[in-house]
Amino acid sequence: MQGTTLSRWTLSYFAVAVVFLLAAQALMALGVGYPSAALRAPQTLIVVHCVTVGWLSLLMCGALFQFVPVLLARPIYSNMLPLPALILIVAGLGALIAGFLQLAGALPWMPHCFIAAGILLGSGFAVVLWTLGRTFARAWPPNLPAQFVVVGLCAIAVTVTFGIVFALGYGGYLHSALLAKLRVHALPLHVIAGLGGWLTFTAFGVSHRLLAMFMLSPELDGPTTRWTLYLGTLALAIVVGAGTVAAATAGGLEIALSLAGLAGLACLALYGSDVVQLYRRRVRRVIELNSRMAAVALAHLAAAVLLIIACAALGGIARFSGALVFLVCFGWLTGLGLAKLYKIVAFVTWLECYGPVLGKTPTPRVQDLVVEPRAARWFWLYFAAVDFATLCLFTGTPLMFRAAAAFMTIATLGIAVELVRTRRLVNVKEALRLPSGAHAPRLLLTFVAH
Amino acid sequence: MSEWTGDDFLDPIREALRLVIDPELGYNIVDLGLVYEIDVDDGRIAHVTMTTTTRGCPATDYLRSGAHQAAASVTGIASADVTMTYDPPWTPRMMSPQAKEHFGIADD
């Protein structure tokens, strides 16, 4: 059956995600949150959740609805459930932001905002997990890249659970001593499970397959990849298991985090070695912009890891945690996200528009939907601004950081305009743009033939 | 009408299939080596066996449908039947010399 491999709501997820990214960057440029405010200040938490939930998590969910079927070679369990999930997550994030605004004194106190946030976000991610989980069930046991995604999905469940505990705490609903201790001590676990487990580990699995697919590299499923999976899973298990016990008993997290850190470092080193193999052994010598920019994002991940090691060795982890998390979020995850978004939007648009007329009439290539040299300028501006912003955070210059954030916003806006142009087929030569029988793509959702 | 054999249709079908491109590589499926076998039976039904560059490729259904459309459009062909296979899996070594040259791959 034609069209079953296209995800109907992925583009909607991407559009909402990009809006949240632009909003978060604009807020940083305006001086909202860290470094102008404290790391745990409500203003900072608004920006952080716009980035991690609104941008990165929605981007990842949208991408998974499209690419889990590719990883498993099975259709998605439901092409409709992603819509209520999106609505629930966005509504939950709205309630969470309203809650933080109350804590900041910008809104009158309404005690139910945080519990609404917990319920809505919890339900939204539960629908995501149900939809993807049922898809995995059709192809169980999953192949190696898909196993990374399974671990990532377990990590989002943990992350959201911790998040609900925190939301209940902020709303004044926590009367259990155990949960109250978790609320105070488990923030590092929430951050590591989210950024490390959900976002980074899932990105590892998806990138293994996408890099191989887009660069015509051999797919890797040898011992290096398997041990990347085992060690990363071990690191996350230590963080969640031992870390939760330590946090709940108000014990120190240092031992759990150190052990998890060692396993995590070994996992990252092995992943790095796999990525080098993928780039070195590629058949396609001239690679596209998305693969070049993914390499830049991977270099930022390597830089972040080296800086974390250096800060840990010098005892500066707590002092520089904001700068380190910023580098992971924007240099690595957002850099990779924007690079792959640039490719996926063009690919999905091609499938939607030209797939149905393939074999009937000449069609353009996916590459004809984009103008890479123009987009490349925005990507380089983006990475340069991120590097400068990171430097500002390490050197404690908040005003310069705001200028860098403004440039990040401009660059992201430039990339967003390129995505809209791709979706509108503006870059395709007129003679090939819309042959008879082709559907003009809609901006925010994908036409799926039945 | 003169006597015909299935082989008479192979070149026209191959030519028609060149209209179908792999969207990612932007090159036709014949020269990419994605078409493994073409056969025409006595009922003038074209049987095409083909693959995709990667298993689970989101373009699979469109490629199958496109190949079906192209093969069935050849004059004299009654209908077409397209089978997808991943045995053997596709490798870039299966490309034609022209395609290899296009992608800068050494011809071995």
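The values are calculated or read from the model by the stated rules, or taken from the named source; none is laboratory data. As the structure is a computational prediction, the values presented were derived from the model and not from experiment. We place every Cβ from the backbone using ideal geometry, glycine too, and count neighbours over all the protein chains shown.
As a summary of the residue check, A:THR5 satisfies the conditions (1) hydroxyl-bearing (Ser, Thr, Tyr); (2) surrounded by 23 or more Cβ atoms within 10 Å (Cβ to Cβ); (3) away from chain B (no Cβ under 14 Å) except for the one numbered (3).
Okay, residues lined up against (1) in contact with a Phe, Trp or Tyr (Cβ under 7 Å, 6 or more places away or on another chain); (2) aliphatic (A, V, I, L, M); (3) in contact (Cβ under 8 Å) with a residue 40 or more places away in the chain:
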position	(1), (2), (3)
B:ALA59	no, yes, no
B:ALA67	no, yes, yes
B:GLY76	yes, no, yes
B:ASP81	no, no, no
B:PRO88	no, no, no
B:SER96	no, no, yes
B:ALA99	yes, yes, yes
B:PHE103	no, no, yes
B:ALA106	no, yes, no
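Within the stretch A:243-252, track down each residue that is in contact (Cβ under 8 Å) with a residue 12 or more places away in the chain, surrounded by fewer than 18 Cβ atoms within 10 Å (Cβ to Cβ) and of a type outside the set (Ser, Thr, Tyr). Correct list: A:ALA248, A:ALA250. For the stretch A:86-107, state whether one or more residues are touching a residue at least 40 places away in the same chain (Cβ under 8 Å) and part of a loop (DSSP other than H, G, I, E, B). So far as the stretch A:86-107 goes, yes, one or more of its residues are touching a residue at least 40 places away in the same chain (Cβ under 8 Å) and part of a loop (DSSP other than H, G, I, E, B).
Yes or no, residue by residue, for (1) crowded, with 22+ Cβ neighbours inside 10 Å; (2) closer than 24 Å to A:PHE162 by Cα:
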{"residue": "A:CYS50", "(1), (2)": "yes, yes"}
{"residue": "A:GLY62", "(1), (2)": "yes, yes"}
{"residue": "A:PHE67", "(1), (2)": "yes, no"}
{"residue": "A:MET80", "(1), (2)": "no, no"}
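Kindly indicate whether any position in the stretch A:310-330 is closer than 30 Å to B:GLY66 by Cα and of a type in the set (S, T, N, Q). No: zero hits. For the stretch B:39-50, filtering for residues that are modelled with pLDDT under 95 and of a type outside the set (Gly, Ala, Ser) leaves 6. Pairing residues of the stretch A:211-236 that are within 11 Å of chain B (Cβ to nearest Cβ) with residues that are of a type in the set (Val, Ile, Thr) and assigned to a helix (DSSP H, G or I), at Cβ distances under 9 Å and at least 6 apart in sequence or on separate chains, gives A:MET213/A:VAL70.
Scanning the stretch A:58-75 for residues that are more than 11 Å from chain B (Cβ to nearest Cβ) and not aromatic (Phe, Trp, Tyr) yields A:LEU58, A:LEU59, A:MET60, A:CYS61, A:GLY62, A:ALA63, A:LEU64. The residues in the stretch B:50-100 that are of a type in the set (Phe, Trp, Tyr) and within 16 Å of B:ILE21 (Cα to Cα) can be counted, and the count is 2.
Here B:ASP11 fulfils each of the conditions (1) closer than 18 Å to A:GLY355 by Cβ; (2) without any contact (Cβ under 8 Å) to a residue 24 or more places away in the chain apart from (1).
Residue-level analysis places A:THR361 outside the set of residues that are buried (at least 22 other Cβ atoms within 10 Å of the Cβ) and of a type in the set (Ser, Thr, Tyr). Of all residues in the stretch A:267-295, those satisfying the criterion of being within 14 Å of chain B (Cβ to nearest Cβ) and free of Cβ contacts under 8 Å to residues at least 24 places away in the same chain are A:ARG285, A:VAL286.
Scanning the stretch A:377-418 for residues that are closer than 30 Å to B:LEU25 by Cβ, within 21 Å of the chain's Cα centre (by Cα) and either within 14 Å of another protein chain (Cβ to nearest Cβ) or surrounded by fewer than 15 Cβ atoms within 10 Å (Cβ to Cβ) (or both) gives A:TRP380, A:VAL417. If you go through the stretch A:293-319 and pick out every residue that is in contact with a helix residue (DSSP H, G or I) (Cβ under 8 Å, 6 or more places away or on another chain) and under 25 Å from A:TYR382 (Cβ atoms), you end up with 15. Which of the residues spanning the stretch B:3-51 are of a type in the set (S, T, N, Q) and under 18 Å from A:THR363 (Cα atoms)? If the condition is that a residue be of a type in the set (S, T, N, Q) and under 18 Å from A:THR363 (Cα atoms), then B:ASN28 is the only one that fits. When the stretch A:334-365 is limited to residues that are touching a His at 6+ places or on another chain (Cβ under 9 Å) and within 19 Å of A:MET60 (Cβ to Cβ), the one that is nearest to the other protein chains (Cβ to nearest Cβ) turns out to be A:LEU336. Taking the listed residues A:LEU231, A:LEU314, A:LEU268, the one that is more than 30 Å from A:VAL370 (Cα to Cα) and touching a Cys at 6+ places or on another chain (Cβ under 8 Å) is A:LEU231, with no other qualifying. You will find that of A:TYR230, A:TYR173, the residue that is closer than 15 Å to A:PHE148 by Cβ, hydroxyl-bearing (Ser, Thr, Tyr) and surrounded by fewer than 19 Cβ atoms within 10 Å (Cβ to Cβ) is A:TYR230 and no other.
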